[in-house]
Amino acid sequence: MANILTRFKDIMAANINSLLDKAEDPEKMIDQYLRNMEKDLATIKSEAAAVIAVKNSAERKVEECKGEIAKMESYAKKALQAGNESDARMFLQKKETLNSKLADLEKERETAVVNAEKMKEITDKLNIQYIFKASFDKANRSSISSFRGPGLEKGLEILSRVKEKYGVALATDIHEPWHCKEAAKVIDILQIPA
């Protein structure tokens, strides 16, 4: 990533007149520089999208793990109420294992957030519009038991904080007509998935 930015800086800082004087065909040279810059810009956009995808994935994994922790705690309480201490102990051990996993996932998420912040800085410097896309409800999951997201209210609250903190445009999917009114209060781009 640093190489791309260094290249942009070098191209912009170069003495174009000196290069043109030395060039055999100045028009072809300028065309080549423009093609190289367009290629570098496409690479930056692609890397920005990849960073955002990693961040979204990390946040989803944290939320899924929290959901599993809550389930194990609930199972343990139910087992105790049923007088089954061994099952309760087993569920509490699983909960403890998930708590350790959660700590690792939260570190991963924090790294992803820092990378997304850096990407935002880079896109700002290059005057590329950065649109943050995340979903409050992933209704198209292949398994009914998979984590679908935080839901409309909590999801919009999270996205609102992202918009406020980073000053980015937001995009999300909506799945029901009644989502439009609430989502439009926060989201800049509403998408209807296929």
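The values are calculated or read from the model by the stated rules, or taken from the named source; none is laboratory data. Note that this is a predicted model, so its numbers are computed, not measured. These area figures cover heavy atoms from the full protein model, side chains too; ligands, DNA and RNA do not enter into them. Shrake-Rupley method; radii C 1.70, N 1.55, O 1.52, S 1.80 Å.
Tabulated data for the structure shown
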item	result
Accessible area in the full protein assembly, largest first, 1.4 Å probe, for Cys65, Cys180	Cys180, Cys65
Glu38, Glu110, Glu59, Glu153, reordered so the largest accessible area comes first (probe 1.4 Å)	Glu153, Glu38, Glu110, Glu59
Solvent-accessible surface (1.4 angstrom probe) belonging to Val54, in square angstrom, nearest 10	90
Relative contact order %, the stretch 35-194, counting alpha carbon pairs below 8 Å whose residues are six or more apart	19
Lys185, Lys125, ranked by accessible area, largest first (probe 1.4 Å)	Lys125, Lys185
Solvent-accessible surface (1.4 angstrom probe) belonging to Met72, in square angstrom, nearest 10	20
Global form of the stretch 83-194, assessed from the alpha-carbon gyration tensor, a/c cut-off 1.5	oblate
Heavy atoms of Tyr75 accessible to a 1.4 Å probe, total area in Å² rounded to 10	90
Set of lysines near Lys120 by C-alpha distance (under 26 Å), chain-local residues within fewer than 8 positions excluded	Lys9, Lys39, Lys45, Lys55, Lys61, Lys107, Lys133, Lys138, Lys154, Lys163, Lys165, Lys185
